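Trainee: The following block contains the structure, expressed as structure tokens.
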Amino acid sequence: MEIKTILTPELTFCNVQGVSKKRLIETSADLIAAQVKSVDANHIYSALIAREQLGSTGLGNGIAIPHCRVPKCQSTIGCLIKLENGVDFDAIDGKPVDLLFFLLVPENTIEGHLEVLRALAERFNDNNYCANLRNCTTNAELYSAATAPIAAGDGN
């Protein structure tokens, strides 16, 4: 999967302030709804919070992939956020999260999004990829690093 099929420069945010998990989810919902007019920030927020209540989407190593189904979402939407400082996201390793990839899928999606989640998790498991994202200082740099192909042999 190529990340640029679900991520746009307008939904890539570098050095966002993060205070708490709940506030970060609220901020991300607002950022996404401001760019994607077909979705409502309150619906996004509620769906993400409901998903987090089932279990944290914090994967460990500073990575989280919050995801949910959203009413009136027309297609799969990605939003990448690099935080200025990590926040507690109830990750499985207990470490703060500083890289988040929010994934929204249409409400009636049954298949497809699991493959996207798997591909994202695989990409974020690559230490070089994550280091490149963490070294970015602008939205444009972050988008470019996020969508760059991963070379064979790179990784852990």
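What follows is calculated from the coordinates using simple rules that are stated; it is not laboratory data. Just so it is clear, the structure is predicted and the values come from calculations on it, not from any experiment. Don't worry about glycine lacking a Cβ; one is built from the backbone with ideal geometry, like all the others, and counts go over all protein chains shown.
Trainee: Of the DSSP beta bridges with both residues in the chain, give the percent that are antiparallel, rounding to the nearest 5. Spell out each step's value before the answer.
Mentor: Values: 9 of 19 bridges.
Counting DSSP beta bridges with both partners in the chain, the antiparallel share is about 45 percent.
Trainee: Can you compute the helix-only [θ] at 222 nm over the chain? Use -39500 (n - 2.57) per DSSP H run of at least 4 residues, normalise by all residues, nearest 500 deg cm²/dmol.
Mentor: -11500 deg cm²/dmol
Trainee: Please return the longest stretch of the chain lacking exposed loop sites, where trypsin sites (Lys or Arg not before Pro) count only if DSSP places them in a loop and at most 14 other Cβ atoms lie within 10 Å.
Mentor: Numbers: sites that count: LYS37, LYS72.
Here the longest segment lacking exposed loop sites spans 73-156.
Trainee: Based on the Cβ-Cβ distance of LYS22 and ARG134, what FRET efficiency does E = 1/(1 + (r/R0)^6) give at R0 = 25 Å, to the nearest 0.05? Working shown, then result.
Mentor: On the way: r = 24 Å, r/R0 = 0.94.
For LYS22 and ARG134, the calculated efficiency is 0.60.
Trainee: Using a cut-off of 17 Å between alpha-carbon atoms, which aspartates and glutamates can reach LYS95, once sequence neighbours fewer than 8 places away in the same chain are excluded?
Mentor: Once the sequence-local aspartates and glutamates are set aside, what remains near LYS95 is GLU52, GLU84.
Trainee: For LYS37, give me every one of the lysines with a C-alpha distance below 30 angstrom, ignoring sequence neighbours fewer than eight places off in its own chain.
Mentor: The qualifying lysines are LYS4, LYS21, LYS22, LYS72, LYS82.
Trainee: As a footprinting exposure proxy, order LEU48, LEU104, LEU54, LEU99 by other Cβ within 10 Å, with the fewest listed first.
Mentor: Values: LEU48 26, LEU104 29, LEU54 8, LEU99 22.
So the ranking, lowest neighbour count to highest, is LEU54, LEU99, LEU48, LEU104.
Trainee: Which ordering of PHE101, PHE13 is given by a fewest-first count of other beta-carbon atoms within 10 Å? Please list the in-between numbers first.
Mentor: Numbers: PHE101 26, PHE13 18.
So the ranking, lowest neighbour count to highest, is PHE13, PHE101.
Trainee: In whole Hz, what ³J(HN,Hα) sequence does the stretch 63-74 give by Karplus (6.51, -1.76, 1.60; θ = phi - 60°), x for Gly and Pro?
Mentor: In residue order, the calculated couplings are 10, 9, 10, x, 8, 6, 8, 10, x, 6, 6, 8 Hz.
Trainee: Once you put a point 7 Å from the Cα of SER144 and another 7 Å from the Cα of LEU54, both along the Cβ direction, what distance in nm separates them?
Mentor: Distance between label points: 3.8 nm.
Trainee: Another question about this same structure. Would you please classify the overall shape of the chain from the alpha carbon gyration tensor, given that a ≥ b ≥ c denote the square roots of the eigenvalues, rounded means a/c under 1.5, and beyond that prolate means a/b larger than b/c while oblate covers the rest?
Mentor: Working: a/c = 1.38, a/b = 1.24, b/c = 1.12.
Note, shape of the chain comes out rounded.
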